[in-house]
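Written out below as structure tokens is the structure these notes cover.
The values are calculated or read from the model by the stated rules, or taken from the named source; none is laboratory data. Quick caveat: nothing in here was measured; it's all calculated off a predicted structure. For neighbour counting, all protein chains shown are included, and Cβ atoms are generated from backbone atoms with ideal geometry for every residue, glycine included. In case anyone asks, the SASA skips ligands and DNA or RNA and just uses the protein heavy atoms, side chains included. Shrake-Rupley method; radii C 1.70, N 1.55, O 1.52, S 1.80 Å.
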Amino acid sequence: MKKILLILLLVICLPLIASADGKFYAREKVPPDVPYQRAIISYQDGTEIMILQSKFAGQAEDFGWVVPLPNPPKFGSVKKDDAESFFWQLSHTTSPKVIYISQLIITITLLIMIIIFIILAVEKISCAIRRKPVPKLFQFSVNHPIWIIPIILFIASIATPNLLSSRGVDLLHQEQVGIYDVKVIKASNASDLINWLNEHKYKFTPQDETTFNNYVQKGWCFITARINPKESITNNFRSRDGLVNPLVMEFLSKNTVYPLSLTATVGSNTEILLYIFGNHKTDADNRFELEFAKETNYSLNELKLESKEIDMAKYPGKYLTKLRGKLSSEQMKEDLVLKQAKDDKTYRKTIWH
């Protein structure tokens, strides 16, 4: 009976020992109640590529995307399933290491119980050989209540819960990109730009004029995207997490940028996840948390891009940096300008749970 109990305890203990050094989540959780964006970014010799994806909960005909960029871009598209697969791979590679303190405690406790059991057994055998009575200290049996402790701890570990017709607005370009009807516009003033957007069923107010004016004064253009009416018949424009198909844009830029100011006009906190491919580590802005930094086997060439103009081979960098932030409207008033970090020291976030 004692041997059976010892084997049983070892069987219980070993899985806990194996999982105690860490666990990796293979898939990012899209927050259900917070606006959410994620993007893959790479920059090479004055050219940036941005693969942008956002969460949207409404109907296809209600969807409207406005993205400010320094220069008119070349466009590409990625099928929903291909994008989901590539983001999944990145998520799997960069997931934080989660160490469950409760499981460590349980494992240590079980090991102590096994050691006690062995000592009891050895002492009883020794006393039997010498034909001496077993000391009271060692007079525990397998039926003693003490053995219910590891059982309770094991059950507890299992029960523990294991993310354009207005004046002053020029239409520079328009085309269909995947499921989107895309236009590139440029405005001479913010007021005319807002009027144009509202005429085309993009909902902006005069309160957004300051934000638009900042981009207009810098000479930036604006990309507008609506889902093609044919796509509104089906649900193919959105993943099961509510993420719409990515929009791929390649454009000239003096710096690696991620536009935030227009997102600030939403008026609520937004969670933003960024994967940056490059030849070196990317510095974490104080608004974002660094979660991962290391050279990986993945590259943008593995992404199944549909484009005749964008050459993914231009972005050979395999050093991957992962940044995440939950930003308030105030924090998004300034665009994110990404810079090379001082060193290429690897990093992986660890969560103690």
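The table for this structure:
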quantity	calculated
Cross-link pairs K80/K183; K55/K294; K80/K230; K55/K183; K74/K318 - those with Cα-Cα distance over 25 Å	K55/K294
Theoretical FRET efficiency, 1/(1+(r/R0)^6), r = Cβ-Cβ of K254 and I105, R0 51 Å, to 0.05	0.45
The stretch 238-288-the stretch 323-337 distance, computed between alpha-carbon centres (Å)	10 Å
Magnitude of the charge dipole, the stretch 38-95, Cβ model with Lys/Arg +1 and Asp/Glu -1, debye to 20	60 debye
Under 19 Å from K254, Cα to Cα: aspartates and glutamates that are on another chain or at least 8 residues apart	D45, E48, D283, D285, E334, D335
Only Lys, Arg (+1) and Asp, Glu (-1) charged, at Cβ; the stretch 254-346 dipole about Cα centre in debye	140 debye
Farthest positive-ward along the stretch 51-97 dipole, Cα basis, beta-carbon charges - from V78, S95, G58	S95
Shape of the stretch 216-353, Cα gyration tensor, a/c cut at 1.5	rounded
Per residue value of the accessible surface for the stretch 267-353 (all protein chains in place, 1.4 Å probe), Å²	56 Å²
